[in-house]
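Enquirer: Have a look at this one before I ask anything.
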Amino acid sequence: VRLEVVDTGIGIREQDKGRMFKAFSQADESISRNYGGTGLGLSIVKSFATLMGGSAGFQSTEGHGSRFWFTVPLLCPLADSSAETKQQ
């Protein structure tokens, strides 16, 4: 499964992209930044995706927005349980 979130916001500068998945890190670390948050969201997403055998990443162009995504492999339990139901 792949889930994507796309925005048309300010985008991320090239020099800030390397720290986007680090805990407590944000693209704008200045004291007077205009956007809130703790800097934990992307770190948590990447950790969970990795633990589940998947991955997380993003593409961004400064001034044009960003696309954040994660993928995780999922099995469909209905496919296995339908065979058991028919046998009973």
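Enquirer: Considering each residue of the range 49-64, count those that are out of contact with any helix residue (DSSP H, G or I) (no Cβ under 9 Å at 6 or more places or on another chain) and farther than 19 Å from ARG19 by Cβ, and give that number.
Expert: Quick first cut of the range 49-64, residues out of contact with any helix residue (DSSP H, G or I) (no Cβ under 9 Å at 6 or more places or on another chain) only: 49-53, 59, 61, 63-64.
Now narrow it down to the ones that are farther than 19 Å from ARG19 by Cβ: 51-53, 63-64.
Residues that pass the stated criteria total 5.
Enquirer: Quick one: would you say ALA83 is more than 12 Å from the chain's Cα centre (by Cα), modelled with pLDDT under 80 and surrounded by 11 or more Cβ atoms within 10 Å (Cβ to Cβ)?
Expert: Numbers: more than 12 Å from the chain's Cα centre (by Cα): yes; modelled with pLDDT under 80: yes; surrounded by 11 or more Cβ atoms within 10 Å (Cβ to Cβ): no.
Taking the combined requirement at face value, the residue does not satisfy it.
Enquirer: Among residues belonging to the range 1-56 that are β-branched (Val, Ile, Thr) and open to solvent by less than 60 Å² (accessible area, probe 1.4 Å), point out the one that is modelled with the highest pLDDT. Please lay out each step first, then the result.
Expert: First, the residues of the range 1-56 that are β-branched (Val, Ile, Thr): 1, 5-6, 8, 10, 12, 31, 38, 44-45, 50.
Okay, now just the ones that are also open to solvent by less than 60 Å² (accessible area, probe 1.4 Å), so 12, 45.
Numbers: ILE12: 86, VAL45: 92.
Applying the filter and picking the extreme gives VAL45.
The values are calculated or read from the model by the stated rules, or taken from the named source; none is laboratory data. Since the model is a prediction, treat every value here as computed from it, not as a measurement. Cβ coordinates were reconstructed from backbone atoms using ideal geometry, including for glycine residues, and neighbour counts include every protein chain displayed. Please note that ligands, DNA and RNA were not included when accessible areas were found on the heavy atoms of the full protein model with its side chains. Shrake-Rupley method; radii C 1.70, N 1.55, O 1.52, S 1.80 Å.
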